[in-house]
């Protein structure tokens with residue numbers, strides 16, 4: 001038992017979430033065996049539990065996209081420099097982050113190849129070949145891949161990494177109206193996935209022109225508030241208008257016999273949202289994974305002495321058989337660790353439910369169920385176990401979302417003037433909802449003086465106040481400001 005205590009102390013999370021948020025986050029990810037460091041700075045290894053979460057997110061999003069008529073494709077990871085240079089504002093936005101391939105073996109290449117930071121420049125020259133007539137539209141393709149953006153700021157697992165996983169949708173429509181209709185379908189789909197799977201609420205709205213995607217005419221985002229008071233962008237959708245179509249020659253013969261440029265959209269959700277999920281739901285014990293995403297949803301821990309080991313292990317396997325058809329379940333029958341050590345370890349890993357079985361449970365054909373989110377215990381017999389586990393997992397999912405939503409609402413602060421803005425930002429953090437003239441000069445000055453930028457202009461907002469908080473001129477929008485990742 002002494003050995004177990006030492007192992008727990010060495011493995012346990014030392015930092016407290018409320019005291020040292022950044023250190024708590026890194027310790028939680030590493031000590032829970034969710035991720036590991038690689039030999040390349042800013043690139044991380046997703047271990048089975050982390051990759052399992054991403055696979056489940058990808059499965060759900062992919063299913064919803066296919067149902068809406070989107071088809072999957074795959075384009076190469078390397079992009080010729082001549083393609084990347086065609087859309088000026090786009091390439092300007094990505095140039096500082098692009099990684100280049102310049103040699104093959106010991107031979108210099110005639111043209112540099114960009115390692116994919118995003119796929120517009122690779123996909124759209126091909127789209128221009130494929131699209132000839134209005135009959136070829138809409139073209140709605142998506143690909144699942146990794147991208148590389150050589151960030152020079154401090155890397156943070158999931159939130160700011162040099163390689164990350166995502167899907168990227170790239171659509172072409174004949175009309176602007178159709179492109180906007182896709183926006184009005186995709187953003188609610190992301191909100192649904194965030195709520196039903198990641199248990200995350202979000203604030204949806206339009207980005208300012210300064211913060212929009214390079215090359216787009218308008219960008220839309222879902223923003224989250226983190227426990228440290230910072231905001232962070234989640235999924236995004238970009239109305240690209242005809243900018244890329246004109247740059248890459250995506251033209252088609254329209255119904256009237258004329259030549260028209262396509263109207264395009266791009267949109268994505270990435271592994272960044274896994275980090276957001278961990279930060280929002282995790283606690284001082286470690287990860288708290290929403291049940292619908294957990295790689296292991298139920299862990300069964302046998303509790304026995306030498307003389308009862310056989311009976312208890314046999315019963316644990318019976319419990320596993322009852323659960324394995326409907327849940328992702330694991331029996332922890334390791335002999336070298338005590339039940340106490342196992343409890344702590346699985347709590348740190350964020351497994352939603354722990355099922356305890358001992359000699360008494362085996363004799364009574366019952367189990368004890370412990371919730372990860374609240375620590376609440378209950379018992380049930382084997383006949384009702386599947387129904388009980390299903391109900392508790394649903395309750396955990398809903399409870400995590402409700403708690404996160406209450407936190408988000410509590411940390412959105414409406415203000416009317418700049419002095420109040422600065423005070424609330426300094427004292428409380430979170431998102432500051434304030435009137436803005438929509439001038440970039442004010443946006444720049446506010447960021448320069450306070451460190452807060454516009455996260456988005458939310459669709460759901462307070463009544464418009466008359467004056468911009470910074471310049472005092474007529475306000476044109478209620479914008480959300482925050483210190484942000």
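Quick note: the coordinates plus some simple rules give every number you see, no bench work behind them. All values derive from a computational prediction rather than experimental measurement. Glycine gets a Cβ as well: all are built from the backbone with ideal geometry, and neighbour counts include every protein chain shown.
Taking all pairs of different Cα atoms in the range 1-135, averaging 1/r and flipping that mean, what Kirkwood radius in angstroms comes out?
19.7 Å
Suppose the chain between residue 101 and residue 72 were pulled fully straight at 0.36 nm per residue; how much longer would it get relative to their current alpha carbon spacing? Walk me through the numbers on the way to the answer.
Working: separation 29, 0.36 × 29 = 10.44 nm, distance 2.66 nm.
In short, 7.8 nm is gained.
First measure r as the distance between the Cβ atoms of residue 23 and residue 59, then evaluate 1/(1 + (r/R0)^6) with R0 = 22 Å and state the FRET efficiency to the nearest 0.05.
Step by step, r from the Cβ atoms, then E = 0.10.
If you average 1/r over every pair of different alpha-carbon atoms in the range 412-482 and take one over that average, what Kirkwood value in Å do you get?
11.6 Å
Quick check: the angle from helix 48-67's long axis to the longest principal axis of the chain, C-alpha only, nearest 10 degrees?
50 degrees
Normalising by the residue count of the chain, find the relative contact order in percent from Cα pairs under 8 Å and 6+ residues apart.
That works out to 14 percent.
Which order do the peptides 222-231, 320-329 take when ranked by the mean count of other beta-carbon atoms within 10 Å per residue, highest first? Walk me through the numbers on the way to the answer.
Details: 222-231: 21.4, 320-329: 16.1.
Descending packing order for the listed peptides: 222-231, 320-329.
Quick one: angle between helix 176-193 and the longest Cα principal axis of the chain, in degrees between 0 and 90, rounded to 10, please.
So the inclination is approximately 20 degrees.
Count the DSSP beta bridges whose two residues both fall in the chain, then state the antiparallel fraction as a percent rounded to the nearest 5.
Beta bridges within the chain, antiparallel portion: roughly 80 percent.
By how many degrees, between 0 and 90 and to the nearest 10, does the Cα long axis of helix 21-31 differ from the longest principal axis of the chain?
Roughly 60 degrees between the two axes.
Taking R0 as 35 Å, what FRET efficiency do you get between residue 474 and residue 92 from their Cβ-Cβ distance, rounded to the nearest 0.05?
0.65
Roughly how many whole Å is it from the C-alpha centroid of the range 267-318 to that of the range 400-477?
39 Å
Note the full-extension length gain between residue 144 and residue 386 as 0.36 nm times their separation in residues minus their Cα-Cα distance, in nm to one decimal. If you can, show how the numbers build up before the last one.
Values: separation 242, 0.36 × 242 = 87.12 nm, distance 3.41 nm.
Result for the pair: 83.7 nm of gain on full extension.
Mean 1/r over all different Cα pairs, inverted: what Kirkwood radius does the chain give, in Å?
Values: mean 1/r = 0.0401 Å⁻¹.
Hydrodynamic radius (Kirkwood, Cα pairs) of the chain is 24.9 Å.
Listed highest first by mean packing, meaning other Cβ atoms within 10 Å per residue, what order do 347-358, 374-385 come in?
On the way: 347-358: 23.1, 374-385: 12.8.
Going by the mean number of other Cβ atoms within 10 Å, highest first, we get 347-358, 374-385.
Mind ranking 332-338, 161-167, 433-439 by how tightly packed they are, going by the mean number of other C-beta atoms within 10 angstrom, highest first?
In decreasing order of mean packing, 332-338, 161-167, 433-439 become 433-439, 161-167, 332-338.
Calculate, for residue 33 and residue 365, the FRET efficiency according to 1/(1 + (r/R0)^6) with r their C-beta to C-beta distance and R0 56 Å; round to the nearest 0.05.
My answer for the efficiency is 0.95.
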